[in-house]
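The structure appears right after this line, and notes come after that.
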Amino acid sequence: MIVTWEVAAANNSKRFAFKGILPALGLAIAFGPGGNVSRAADATASGTELAEVVVTAQKREQNLQEVPIAVIALSGQQLQDAGVTDLTVTSTTSENSTTARIRGIGTVGDNVGLESSVGVVIDGVYRPRNGVGFGNLGEIDRIEVLEGPQGELFGKNNDAGVINIVTKRPSTTFGVTGEITGGNFNDKEASGSITGPVGGFSAFRLYAGYQKRDGFLNVEAGSGNFDDAVNNRNVYTVRGQYLVTPSSDLSVLFIGDFSRRNEMCCQATPVYPGPFAGIITALATNPLLGGTPGQVAFPDTPTNPFNRQSFANYPIAQQIWDRGFSAQLDWNFGAAQLTSISAWRDNSIAAGNDPDYSDTALVQEPANGNVTDFKQISEELRLAGKTDRLNWLIGGFADKELLNNTSAIFGDNQFDLYLGGTASAAAGASPPNFLLLPQLTGNFPGHTFIPGVSGQADSYQQSEKSYAFFTNETYTLIEHLDLTAGLRYTHESKDETANYNSPDGGSACGQLLHAPPPSAALPYNQLLLFGYGCATPFNPFFAGVTHGQSLSEDNLNATVKLAYRFTDDVMGYASWGNGTKAGGFNLARVTNPAAANPLAPILDTEFPRETVNSFEIGVKSELAQKTVRVNAAVFDQQYHDFQLNTFTGIVFVVSSLPHVNSKGAELSLDWLTPLSGLSISGGAVYADTQITNFGDALYLFATNRLNNRPSFSPLWSGVVSAAYQVPLSSSLALRITADEKYNSSYNTGSDLDPLKIQGSYGILNARIGIGAPDGKWAFEVWGQNLADKGYFQVGFDAPFQGLAVPGFNNQIDSFVGDARTFGATVRVRF
């Protein structure tokens with residue numbers, strides 16, 4: 001089974017993936033567009049048969065092969081082999097802008113108003129957005145990926161699936177671990193943990209980790225940016241747990257964590273130049289136009305983005321704080337168990353960037369004006385039990401969230417000159433008239449669009465409250481035949497207030513609106529002049545507007561599963577389930593370009609709930625004396641009002657696609673070979689994900705698109721991997737893992753522009769280690785993306801570098817996947 005993510009390799013700074021999970025492909029983890037994941041076997045657990053994999057996909061411990069759900073399960077050994085400690089995620093402009101996709105379905109984009117279709121649960125605590133769910137998690141015990149809608153048991157909004165992460169608990173046996181890693185790009189990592197008893201009935205675990213690494217991208221720095229490399233890593237994490245067990249029937253687990261990142265992230269590279277690349281180069285290099293002689297020329301022909309040359313002239317900065325606390329009580333009484341999980345989370349990010357990704361001073365996003373803070377309080381209460389033929393569970397969930405966001409973007413020093421040059425060039429002027437704006441407005445250059453003043457400094461506040469009641473029952477109808485039914489009622493309400501603020505009152509656009517029309521003496525393209533100069537950040541009609549809106553929803557989700565065990569080693573199942581992702585608000589400036597007044601603000605930015613009906617038939621089997629595990633499934637998932645976030649090159653637009661369908665088949669194989677210590681795993685998925693009804697969102701898509709598959713939805717994904725462990729002596733063992741993952745082509749842009757297609761590719765990873773057979777120490781060398789394969793994470797229209805003017809296409813930039821990385825790790829444990 002394969003789950004598709006935007007992803008990066010281990011020890012890498014960005015994109016979407018577990019740090020180090022790509023090498024886990026060697027242990028049967030596979031990634032799709034930037035990543036897919038396939039279920040794997042822990043080949044080291046036994047020399048004679050595959051180890052039992054225990055999961056909690058139905059909120060109780062079960063053998064993976066007995067769960068009538070498509071589940072990816074990654075063991076602690078697999079994660080250690082991969083060097084996994086965190087889920088470092090970035091789809092685009094920051095590491096809080098993340099996307100997870102399962103079976104070609106997920107929520108894309110940098111709009112904080114959108115929640116994810118793939119839920120994240122860490123130690124029982126639901127994280128509403130991927131960006132606040134991923135970070136350094138310390139010592140991970142296992143990861144479970146549940147495919148298809150899982151809303152009746154796991155939080156809310158999980159209409160595509162759930163990533164369930166369980167970290168290691170405190171041990172009553174004293175232990176210490178330490179790990180040091182060094183690699184290329186000057187990578188330096190260190191982590192350690194200590195666990196042990198406290199008194200007679202409690203135990204603790206404390207983990208701390210740190211990583212610092214140079215950036216993956218070179219940057220041609222203009223006058224305002226002095227960094228020569230970006231997309232680096234500088235992060236530390238502290239995580240503590242305290243377990244109290246006053247009796248065998250009662251335990252309370254307290255968990256607290258804190259992470260801090262201070263990095264230069266995230267930057268893009270040019271791919272296909274737009275019509276104004278020459279103008280950008282002139283402004284960047286001509287001192288008479290405010291440029292710096294000797295700058296690397298901005299490309300005006302298609303370029304190789306994998307030379308990792310980027311451009312910026314404004315500081316790229318990212319600071320993230322993530323902190324939280326939870327308390328879990330488990331009380332067994334009679335044949336029942338009561339579980340309570342209370343949690344508080346707070347995640348903040350301040351991110352500054354050069355959003356035009358050029359070495360010309362066009363626009364700027366200051367870090368102190370782009371801040372997002374997300375607070376959450378949640379409580380889950382469950383009561384579960386078992387009789388002779390019935391496993392039953394009832395529960396309730398409550399959640400309160402507060403989101404505060406500021407969004408600032410301003411014109412920069414050369415925006416006046418650039419706007420004049422592009423508007424005149426679009427009208428055929430040669431050479432471009434860089435002084436067009438002073439001629440139209442009577443202002444000196446830089447005094448129409450005033451740097452740091454002309455633009456937007458908006459703020460949004462959104463509060464959310466939800467509560468739910470749920471039940472899940474499994475009843476043995478007859479011997480070998482089980483019926484599972486689940487039901488969840490959820491009420492959710494949201495209140496949002498938008499404060500639109502224009503420090504200059506929108507005067508720059510206002511002056512352009514009153515400028516004299518084009519003439520033979522002063523030619524310029526009005527569509528481009530107003531399209532750029534009155535774009536939403538400069539739109540005067542938003543200035544000083546405050547608007548509030550609310551929504552309230554009641555949703556009922558259910559599932560029915562029928563499982564039949566043909567033999568002790570073969571089970572078949574069929575299931576149906578529905579799911580819902582709540583509606584919300586587009587936290588951005590919104591207009592309708594096709595309206596009579598295209599500058600008129602649209603203040604009602606609500607978008608409807610997203611729903612799904614899912615059908616699945618599968619078989620799970622263990623063969624050849626439990627040395628072979630073969631699992632397969634076919635699925636059909638029908639989404640309605642699929643929430644789509646599209647970047648137009650100027651603004652993010654949230655729309656609803658009336659119908660998206662994902663159907664296909666998946667197969668996974670784990671084989672403990674006759675050769676002692678050697679295991680081989682493989683997985684493949686065929687997922688035909690199609691937009692079958694575009695509705696009113698059709699105008700957002702490229703008219704020359706090659707197909708209707710949503711972005712990041714490869715038709716085929718697969719992986720093959722091997723792990724080999726052999727003793728060299730009584731005190732020394734050798735372990736080798738290697739994997740190759742493959743994806744067929746897919747589009748990385750939400751608008752399905754063919755220029756944003758990532759062709760089919762494979763990624764090779766490997767790890768070789770020697771150490772003590774009992775794991776007391778190990779030395780490993782590892783490499784990821786060993787062939788240094790370049791691939792797009794996201795392709796997008798470069799801001800302010802193209803417009804819908806006949807003969808002029810947008811410039812295409814990309815966030816690229818990480819380069820080849822390699823290094824060595826020393827690990828000790830006692």
Cα coordinate range in the stretch 324-418, projected on the principal axes (Å, largest first): 78, 24, 16
Placed amide H near Ala427: partners under 5 Å, 5+ positions off or other chain: Asn525
Residue-by-residue Karplus 3J(HN,Hα) for the stretch 585-595, coefficients 6.51, -1.76, 1.60, Hz, glycine and proline x: 10, 6, 8, 6, 6, 10, 9, 10, x, 8, 6
Reduced Cα scattering model of the stretch 628-775, Debye log10 I(q)/I(0), q = 0.16, 0.18, 0.22 Å⁻¹: -0.91, -1.04, -1.31
Pairwise centroid distance, computed over Cα atoms, of the stretch 235-282 with the stretch 727-745, Å: 28 Å
Alpha carbon centroid spacing (whole Å) that separates the stretch 337-360 from the stretch 166-209: 25 Å
Estimated distance in nm for a label pair at His659 and Leu678, the labels positioned 7 Å out from Cα along Cα-to-Cβ: 5.0 nm
Positive-end extreme of charge dipole, the chain - chosen from Ala624, Leu483, Gln637 (charges on Cβ): Ala624
Extreme residue, positive dipole direction of the chain, given options Gln526, Ile279, Leu435 (C-beta unit charges): Ile279
Positive minus negative residues near Val545 (Lys, Arg vs Asp, Glu; Cβ under 12 Å): 0
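Relative contact order, percent, of the chain when contacts are C-alpha pairs under 8 Å separated by at least 6 residues?
Details: 2627 pairs, mean separation 109.6, N = 830.
Once divided by the residue count of the chain, the mean separation gives 13 percent.
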Normalised contact order of the stretch 566-711, rounded percent, pairs of Cα under 8 Å and 6 or more residues apart: 18 percent
The stretch 505-520 - phi-based ³J(HN,Hα) in whole Hz, Karplus 6.51/-1.76/1.60, Gly and Pro as x: x, x, 5, 4, 4, x, 5, 5, 5, 9, 6, x, x, x, 8, 5
Which of Lys212, Lys626, Lys494 is most accessible, then next, and so on - probe 1.4 Å: Lys212, Lys626, Lys494
Amide hydrogen neighbours beyond the local backbone of Thr627, cut-off 5 Å, H modeled: Leu50
Accessible surface of Ser519 - all protein chains present, 1.4 Å probe, nearest 10 Å²: 60 Å²
Exceeding the 25 Å Cα-Cα cut-off - candidates Lys188/Lys741; Lys386/Lys581; Lys386/Lys561; Lys400/Lys581; Lys188/Lys776: Lys188/Lys741; Lys386/Lys581
Farthest positive-ward along the chain dipole, Cα basis, beta-carbon charges - from Ala160, Asn597, Phe694: Ala160
Full-stretch length increase - Phe566, Asp604 - with 0.36 nm per residue and alpha-carbon distance subtracted: 8.2 nm
Simple label model, 7 Å out from Cα along Cβ direction - Ile478 to His547, nm: 6.1 nm
Heavy-atom SASA rank of Arg389, Arg127 (probe 1.4 Å, accessible area, largest first): Arg389, Arg127
Amide H partners (placed H, <5 Å) of Asn286, local residues excluded: Gly291, Thr292
Area of Leu562 that stays accessible when all protein chains are in place (1.4 Å probe, Å², to 10): 80 Å²
Cα gyration tensor, the stretch 208-286 - rounded (a/c under 1.5), prolate or oblate: prolate
Test item: Cα-centred dipole of the chain, Lys/Arg +1 and Asp/Glu -1 on Cβ, debye: 1060 debye
Cα centroid of the stretch 422-437 to Cα centroid of the stretch 530-577, whole Å: 44 Å
FRET efficiency estimate (nearest 0.05) - Cβ-Cβ, Ala702 to Thr301, R0 25 angstrom: 0.70
Carbon + sulfur, % of accessible area of the stretch 606-696 - ligands and nucleic acids excluded, 1.4 Å: 63 percent
Rg in Å to one decimal, and Dmax rounded to a whole Å, for the chain via C-alpha atoms: 27.2, 91
Using θ = phi - 60° and Karplus 6.51 cos²θ - 1.76 cosθ + 1.60, couplings along the stretch 143-148 (whole Hz; Gly, Pro as x): 10, 10, 10, 9, 9, x
Accessible area of Trp716 in the full protein assembly, 1.4 Å probe (Å², nearest 10): 130 Å²
Ellipticity estimate at 222 nm from DSSP helix runs (n ≥ 4, -39,500 (n - 2.57)) divided over the chain, nearest 500: -1500 deg cm²/dmol
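The values are calculated or read from the model by the stated rules, or taken from the named source; none is laboratory data. Fair warning: this is a prediction, and the values are worked out from it, not measured in the lab. Cβ: placed from backbone, ideal geometry, glycine included. Neighbour counts: every protein chain shown. Each accessible area value is taken on the protein alone, full model and side chains, heavy atoms only, with ligands, DNA and RNA left out. Shrake-Rupley method; radii C 1.70, N 1.55, O 1.52, S 1.80 Å.
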